[in-house]
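Read through the structure below, which is laid out as structure tokens, and then see the notes.
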Amino acid sequence: MGMTAWLAIFRRELADYFYTPIAYVFLIIFLTLNSVLTFYVGGFFELEQADLTAFFSFHPWLYLVLAPALGMRLWAEESKTGTIQTLLTLPVSAFSAVFGKFLASWAFAAFALALTAPVWITVNYLGVPDNGAILAGYIGSLLMAGSYLSISCWASALSQNQVVAFVLGIVVGLFLTAGDITLIQDLLAPVLPQTLLEAIAGLSFLNHFEQMAKGVLTLSGVVLFVSVVAIFMYLNVAAVSANKKYAMN
Amino acid sequence: MRSRNFQNFLSIFGSLGVAAILLFAINIVSSEVLSRFKLDLTENRLYTLSDRSVALLQSLDESITLSFFISKSELLQISGISSYASRVEDMLREFERMSNGKVSLKIVDPRPFSEAEDIAVGHGLQGIPLKSGSKLYFGLVGANSTDGVQSIPHFFLEREELLEYDLVRLIVQLDGRPRKKIGLISSLPIQGTGGAAIGPIAEQGPWTFYLQMNDIFQVEVLSPLIDSLPDDIETLFLLHPRNISESLLYEIDQFALNGNSLLLALDPHSEYLAAILEASPHLSEADVSSDLNRLTSQWGIALEEGKIVGDLPIAARVVEANDSSGRSIDYPVWMNLQPEQMNQRDVVTARLGNVVFATAGVFTIRSDASPEMTPLIRTSASAKLYDTSEFTGVVSIRELLENYQESGERMPMAVRVRGQAATAFPQGNPDSGENTPDHRAKGDIDVIMIADTDFLHDRFWVRKQQSLGQILLFSEASNGELINNAIDNLSGDNNLIGVRTRGRASRPFVLTQKIRKDAERKYLQHERKLQQELQRIEAFLTDFSSSHADSSGERIITDEQRNEIKRIRDSQLSIRKQLREVQHNLAKDIQQLENRLIMVNLALVPLLLAAAGAIVCTIGARYRERRLALRVASHLH
């Protein structure tokens, strides 16, 4: 088992997603919300502009709330059903387990994103959009989804309770999403020094993703999303390893 | 148990803290070091420094210092500004990098009451007052080695798309290259009328395109009454030339044949002059149109006299002055020209955004013309020509649209004329009446001709907005770019062109517009007939009631006549109802399209998913149960 362990876990988890009704509920909610927000709140038909900036502008908020829903069952459910004991005593490294599960959630999110293709087709049907910019937006959205999912996977590994995992995922995600808006800055200002405030603002997913939605894949944006994934996967592995040791004993 | 939970909690908190620090560290470093690496996937590479900018920066003569005044500590107080500020800083650093050392960048934080703030204010930078009481500075001051100073007082977020152009222009101005001298002869008051209103036109400041021209070139405005052109001019711009004497025309003819460049903006109907005609005793009907056919027909090209072109598919939408419904309608002679109408291979019009022409004309080109004729702007094949007589007095747009017959050919409205041409004065100088020794009979000409002058008026492309005591100019069309590109190109300098034109500003719903126009064509005729019918009935009723009164004012009507009137009133109501239906129908088709699209997006995929999900889950559940049972079974054995 070694290198291919994570592949086996990835396959199993991905299949599990498709066999659970909740995944379809998630997909339907994600797609419906995307459409409703784009057409009714984003003023797509009123503006009569053939671009998807309205569509992409809602993605960070959608992921903030829905990614925890995707990730929370990955570990928390195992704890509840007891299968986590089985998993942890198998000769599978914590890293394989974490990586396999995370990748499965990310693949599923990619599938959900792919299902939004009708909107892309619609905008090409109505006019002549900048498809290069839209492609950049989709790539950025996928990377960003990975970031949110890595947070929720970690949150899920920390708690046996799915609700706690869900809430934790949202709270941490919120700080990374919109660190530069005045609400958050004012909230944190009395507690944190200026340098930290600026650092949090610099991490803002909204800002970096906005650039990508306009058509520019910035290296600093890509580094941000990838570093979030790496760091939270590391934390996830640490949490699972601790549990593993406990389970082994 | 308790201590384990507490240990867990501590380690979670601790690891989160470490993670946060790592995250901050990595990303602070990356935003400092990696900020310039990016992949610009937009169609027109909007967010990458253009090749022209890079070329310009690499060929600078002057050493230029850029001082970027930015109140870093206050940036977070206004949403959206801090990311724009970092983009501006990124671009400035890129300028510095590309300039081979000619441009140096200083970043200054003008803290309140500091010397830096004094310097900023001294250069005209404006601090935006913030809630906290302090001020936000976000501007640029550039200086060259000879005390030349240019500044951008504040970087407005709305001008983000023009950031590169604004910065390059500032640098070009500081570079101290001798600005090219352009001669300008105009019968339109582009320098402004000194504040006086004329007729219905109140706006009398200098025209914006003229101000932009002055930024880049040294413009010498020449009177149309001169007899000879200054020697140091190599590019001449004739704008709506009227009453040009034969002597001056000869000068211009020779000027062109001697290899100097010429820009002609002509017009079969100047909206501006037509509007002020009544209030201007010195103008006559003839002044409303201009052409230089006396000269240009010799080259093989002429402005079609007395004809105005209309192009329905690209017509601008207006609200007719006397239309109470306030509904917008296509006005075919005001055209919103799209990239499809522009020559994408010529540097002047390639990647130009939309341009608005108003009551423009077309050129006819002789097939055996000797200079090379390159159309720069052409109508669509659905254009048609109107007589200028249809535009004197009050114009009925509906009449213009009725029985619109497409000509089927694309007519040129802007043409580049280059190559060998012959003089229009074969007898030589008209003054001296004989061939003078330096008279040129032939030469290589370099001319651009445009069949409209109204596109240069602010009204068709500039929107003004007051902000912080400044008047911000927003261009809603690329008219200014077109004329400045043409002058740049004719004066031999193509550098700013590549920076200026960045392609489409707007990407409208082409399909929706087409449906709207088709529907209007269908229904408008019907509407007009109904309205005529209605008017007839109303006239009849008024006549009837007035002619059937006797001397005492009472009306005498027979039963038959009463019935007749009732019938007529009924048809009047029915026609009004039909009219409302027609107007309703105009919007219906578009609404239907939108509804269909929403249905597909909102309902189709989710429904398919729900169906798929139901199937997969029920089958799958049973399948997995069996597999699990098998696995458990194998375990037990």
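Got at least one residue in segment A:170-186 being hydroxyl-bearing (S, T, Y), touching a Phe, Trp or Tyr at 6+ places or on another chain (Cβ under 9 Å), farther than 21 Å from A:F56 by Cβ and more than 7 Å from chain B (Cβ to nearest Cβ)? So that I can check it myself, show each step before the final result.
Initial filter on segment A:170-186 (hydroxyl-bearing (S, T, Y)): A:177, A:182.
Right, trim to touching a Phe, Trp or Tyr at 6+ places or on another chain (Cβ under 9 Å) and you get A:177.
With the extra rule that they be farther than 21 Å from A:F56 by Cβ, the set shrinks to none.
No, every residue in segment A:170-186 fails to be hydroxyl-bearing (S, T, Y), touching a Phe, Trp or Tyr at 6+ places or on another chain (Cβ under 9 Å), farther than 21 Å from A:F56 by Cβ and more than 7 Å from chain B (Cβ to nearest Cβ).
Which members of segment B:448-467 meet the condition of being touching a strand residue (DSSP E or B) at 6+ places or on another chain (Cβ under 7 Å) and surrounded by fewer than 22 Cβ atoms within 10 Å (Cβ to Cβ)?
Result: B:F460, B:V462, B:R463, B:K464, B:Q465.
Would you check which residues across segment A:25-47 are in contact (Cβ under 8 Å) with a residue 12 or more places away in the chain and either in contact with a Pro (Cβ under 6 Å, 6 or more places away or on another chain) or charged (D, E, K, R) (or both) and list them?
Pass one, segment A:25-47, residues in contact (Cβ under 8 Å) with a residue 12 or more places away in the chain: A:26-27, A:29-31, A:33-35, A:37-38, A:41-42.
Correct list: A:L31 only.
One line per residue, one yes/no per condition, for (1) assigned to a loop (DSSP other than H, G, I, E, B); (2) away from every other protein chain (no Cβ under 14 Å); (3) modelled with pLDDT of 75 or more; (4) over 19 Å from B:N336 (Cα atoms):
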position	(1), (2), (3), (4)
B:P437	yes, yes, yes, yes
B:I445	no, yes, yes, yes
B:R463	no, yes, yes, no
B:L482	no, yes, yes, no
B:N485	no, yes, yes, no
B:D493	yes, yes, no, yes
B:G498	no, yes, no, yes
B:T512	no, no, yes, no
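Taking A:S204 and the conditions (1) among the small types (G, A, S); (2) closer than 30 Å to A:N131 by Cα; (3) within 7 Å of chain B (Cβ to nearest Cβ), which numbered condition does it fall short on, given that it satisfies the others?
With (1) among the small types (G, A, S); (2) closer than 30 Å to A:N131 by Cα; (3) within 7 Å of chain B (Cβ to nearest Cβ) applied to A:S204, the lone miss is (3).
Hey, any hits in segment A:185-200 for a residue that's more than 17 Å from B:S15 (Cα to Cα) and in contact with a Lys or Arg (Cβ under 9 Å, 6 or more places away or on another chain)? Reasoning before the result, please.
From segment A:185-200, those more than 17 Å from B:S15 (Cα to Cα) are A:185-200; that's our starting set.
Imposing the further condition that a residue be in contact with a Lys or Arg (Cβ under 9 Å, 6 or more places away or on another chain) reduces the set to A:198.
Yes, that holds for at least one residue.
Looking only at strands (runs of 3 or more DSSP E) that fall completely inside segment B:257-323, which ones have 3 or more residues that are among the small types (G, A, S)? Full working, then the answer.
Details: elements: B:261-265, B:301-303, B:307-311, B:315-319.
Fully inside segment B:257-323 and qualifying: nothing.
For (1) modelled with pLDDT of 90 or more; (2) surrounded by 19 or more Cβ atoms within 10 Å (Cβ to Cβ); (3) closer than 19 Å to B:D267 by Cβ, each residue gets a yes or a no:
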position	(1), (2), (3)
B:Y165	no, no, no
B:G195	no, no, no
B:I201	no, no, yes
B:G205	no, no, no
B:D215	no, no, no
B:D227	no, no, no
B:L239	yes, yes, yes
B:N243	no, no, yes
B:L249	yes, no, yes
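Could you please let me know if B:R45 is surrounded by fewer than 18 Cβ atoms within 10 Å (Cβ to Cβ) and either of a type outside the set (A, V, I, L, M) or more than 7 Å from chain A (Cβ to nearest Cβ) (or both)?
On the way: surrounded by fewer than 18 Cβ atoms within 10 Å (Cβ to Cβ): yes; either of a type outside the set (A, V, I, L, M) or more than 7 Å from chain A (Cβ to nearest Cβ) (or both): yes.
The answer is yes for B:R45.
Of the residues A:A145, A:A107, A:A133, which single one is at pLDDT 90 or above, surrounded by fewer than 23 Cβ atoms within 10 Å (Cβ to Cβ) and either touching a strand residue (DSSP E or B) at 6+ places or on another chain (Cβ under 6 Å) or not in a loop (DSSP other than H, G, I, E, B) (or both)?
On the way: A:A145 fails: surrounded by fewer than 23 Cβ atoms within 10 Å (Cβ to Cβ); A:A133 fails: surrounded by fewer than 23 Cβ atoms within 10 Å (Cβ to Cβ).
Going through A:A145, A:A107, A:A133 in turn, the sole match is A:A107.
With the requirement that a residue be of a type in the set (A, V, I, L, M, F, W, C) and within 17 Å of B:R36 (Cβ to Cβ), what does segment A:214-232 give you? Working first, answer last.
Initial filter on segment A:214-232 (of a type in the set (A, V, I, L, M, F, W, C)): A:216-217, A:219, A:222-226, A:228-232.
Scanning segment A:214-232 gives A:V216, A:L217, A:L219, A:V222, A:V223, A:L224.
Residues are listed down the side, and each one gets a yes or a no for (1) part of a strand (DSSP E or B); (2) facing another protein chain (nearest Cβ under 9 Å); (3) at pLDDT 85 or above; (4) closer than 14 Å to B:L167 by Cβ:
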site	(1), (2), (3), (4)
B:F24	no, yes, yes, no
B:I28	no, yes, no, no
B:S35	no, yes, no, no
B:R52	no, no, no, yes
B:A55	no, no, no, no
B:E74	no, no, no, no
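In this structure, is B:L630 exposed (fewer than 11 other Cβ atoms within 10 Å of the Cβ), at pLDDT 80 or above and either of a type in the set (V, I, T) or out of contact with any Pro (no Cβ under 9 Å at 6 or more places or on another chain) (or both)?
Values: exposed (fewer than 11 other Cβ atoms within 10 Å of the Cβ): yes; at pLDDT 80 or above: no; either of a type in the set (V, I, T) or out of contact with any Pro (no Cβ under 9 Å at 6 or more places or on another chain) (or both): yes.
Considered against the rule, which asks whether it is exposed (fewer than 11 other Cβ atoms within 10 Å of the Cβ), at pLDDT 80 or above and either of a type in the set (V, I, T) or out of contact with any Pro (no Cβ under 9 Å at 6 or more places or on another chain) (or both), B:L630 comes out as no.
Cβ contacts < 6 Å: first residue over 22 Å from B:R528 (Cα atoms), restricted to segment B:573-596; second residue surrounded by 12 or more Cβ atoms within 10 Å (Cβ to Cβ) and modelled with pLDDT of 80 or more, any location; separation 6+ or different chain. Result?
B:E594/A:F45
Matching residues to (1) within 7 Å of another protein chain (Cβ to nearest Cβ); (2) surrounded by 15 or more Cβ atoms within 10 Å (Cβ to Cβ); (3) closer than 20 Å to A:V123 by Cα:
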| residue | (1), (2), (3) |
| --- | --- |
| B:Q591 | no, no, yes |
| B:N595 | no, no, yes |
| B:L602 | yes, yes, yes |
| B:P606 | yes, yes, yes |
| B:L609 | yes, yes, no |
| B:G613 | yes, yes, no |
| B:V616 | yes, yes, no |
| B:E625 | no, no, no |
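If a residue must be among the small types (G, A, S), surrounded by fewer than 19 Cβ atoms within 10 Å (Cβ to Cβ) and not in a loop (DSSP other than H, G, I, E, B), how many such residues does segment B:103-149 contain?
Taking segment B:103-149 and keeping what is among the small types (G, A, S), we get B:104, B:114, B:116, B:120, B:122, B:124, B:127, B:132-134, B:139, B:142-143, B:145, B:148.
Going one step further and asking which of them are surrounded by fewer than 19 Cβ atoms within 10 Å (Cβ to Cβ), we end up with B:104, B:114, B:116, B:122, B:124, B:132-134, B:143, B:145, B:148.
Now narrow it down to the ones that are not in a loop (DSSP other than H, G, I, E, B): B:104, B:116, B:122, B:143.
Residues meeting the conditions: 4.
The values are calculated or read from the model by the stated rules, or taken from the named source; none is laboratory data. These numbers were taken from a predicted model, which means no experiment stands behind them. Note that each Cβ is placed from the backbone with ideal geometry, even for glycine, and that neighbours are counted across all protein chains shown.
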